[in-house]
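Everything on this sheet refers to the single structure shown next.
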Amino acid sequence: MDRIRLVIFDWDGTLADSAAQIVGAMQRAIAALELPPRSDESIRELIGLGLVDALQRLYPDADVDYLRQLLDRYRAHWLADGGGEAPLFAQGLDALRALHGEGLRLAIATGKSRRGLDRSLAHHVDVRELIVNSRTADETASKPDPLMLRELLIDEGLQPEQALMVGDTEFDVAMAGAIGMPAIGVTCGVHAPQRLLGAGARALLERVGDLPGWLAQARTASR
């Protein structure tokens with residue numbers, strides 16, 4: 001852990017407590033288009049993927065144009081739900097400030113669209129001021145493809161072992177593992193602890209707020 005220079009965070013389910021809003025907006029979009037129903041759990045399972053990828057997994061036989069309608073409906077319902085901006089998890093902002101204060105660079109790798117992430121960061125201005133870089137699913141490959149991580153590393157001039165991925169899904173952990181980047185799982189989001197460990201998470205934390213303390217202990221143990 002002494003080599004870590006960049007910490008990359010997922011957004012939904014990791015920094016933002018947004019799972020219930022995502023599921024609710026998707027269910028209303030499905031109902032509006034009279035598509036076959038899907039359970040809340042089946043939708044939660046796909047949080048973290050790019051939205052197009054998630055829709056194709058929910059409706060693999062659906063016409064592409066119809067999926068675009070679902071996408072538009074989802075975005076409309078998301079914006080109608082009080083702007084769609086979920087609160088940060090407790091102590092998340094404090095953790096980001098602590099890591100930034102230690103000289104670590106902070107980035108985001110998310111399944112959100114660029115428009116969606118920019119809207120969220122405009123709402124959470126204190127977070128935006130700490131973030132040096134980001135990638136979204138609509139401007140690169142969707143998770144678990146590691147392309148967004150590769151691009152962030154190139155931008156920062158770093159090797160995979162100099163960065164740490166933090167996320168709540170096996171998609172986050174798997175994309176980091178694919179390029180030899182260590183990953184930490186947080187259990188406040190959508191995937192169960194055993195799935196995070198099975199994907200290769202180095203450790204599990206209850207929330208991002210616990211990360212500065214864990215990093216300090218890991219550095220001490222490695223010396």
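The values are calculated or read from the model by the stated rules, or taken from the named source; none is laboratory data. Predicted model only: the values in this text are computed from it and were never measured. Quick reminder, even Gly has a Cβ in these numbers, built from the backbone with ideal geometry, and neighbours come from all protein chains shown. Side chains included, ligands, DNA and RNA excluded: accessible areas come from the protein's heavy atoms. Shrake-Rupley method; radii C 1.70, N 1.55, O 1.52, S 1.80 Å.
Remarks
- Selection within the stretch 123-177 - over 21 Å from VAL208 (Cα atoms) and small (Gly, Ala, Ser): ALA137, ALA141, SER142, GLY157
- Tallying residues that are touching a strand residue (DSSP E or B) at 6+ places or on another chain (Cβ under 8 Å) and either more than 26 Å from ASP168 (Cα to Cα) or surrounded by fewer than 19 Cβ atoms within 10 Å (Cβ to Cβ) (or both) within the stretch 43-66 yields 1.
Table: residues versus (1) open to solvent by 80 Å² or more (accessible area, probe 1.4 Å); (2) closer than 30 Å to ASP126 by Cβ; (3) part of a helix (DSSP H, G or I).
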{"position": "MET1", "(1), (2), (3)": "no, yes, no"}
{"position": "VAL7", "(1), (2), (3)": "no, yes, no"}
{"position": "ILE22", "(1), (2), (3)": "no, yes, yes"}
{"position": "LEU35", "(1), (2), (3)": "no, no, no"}
{"position": "ARG38", "(1), (2), (3)": "no, no, no"}
{"position": "ARG68", "(1), (2), (3)": "yes, no, yes"}
{"position": "ASP72", "(1), (2), (3)": "yes, no, yes"}
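- Residue satisfying all of: in the stretch 129-172; basic (Lys, Arg) and within 15 Å of the chain's Cα centre (by Cα); farthest from LYS112 (Cα to Cα) among these: LYS143
- Residue ID - modelled with the highest pLDDT, chosen from residues in the stretch 69-107 that are within 21 Å of GLY24 (Cβ to Cβ) and charged (D, E, K, R): GLU85
- Wholly within the stretch 136-223, strands (runs of 3 or more DSSP E) carrying at least 3 residues that are over 19 Å from ASP2 (Cβ atoms) and open to solvent by 20 Å² or more (accessible area, probe 1.4 Å): none
- Condition check for ARG119: in a helix (DSSP H, G or I), touching a residue at least 12 places away in the same chain (Cβ under 8 Å) and either open to solvent by 50 Å² or more (accessible area, probe 1.4 Å) or more than 24 Å from GLU170 (Cβ to Cβ) (or both): yes
- Contact annotation: residue pairs with Cβ atoms under 7 Å, 6 or more positions apart or on different chains, pairing a residue in the stretch 61-79 that is under 23 Å from ASP118 (Cα atoms) with a partner that is surrounded by 12 or more Cβ atoms within 10 Å (Cβ to Cβ) and modelled with pLDDT under 75, are TRP78/GLY84.
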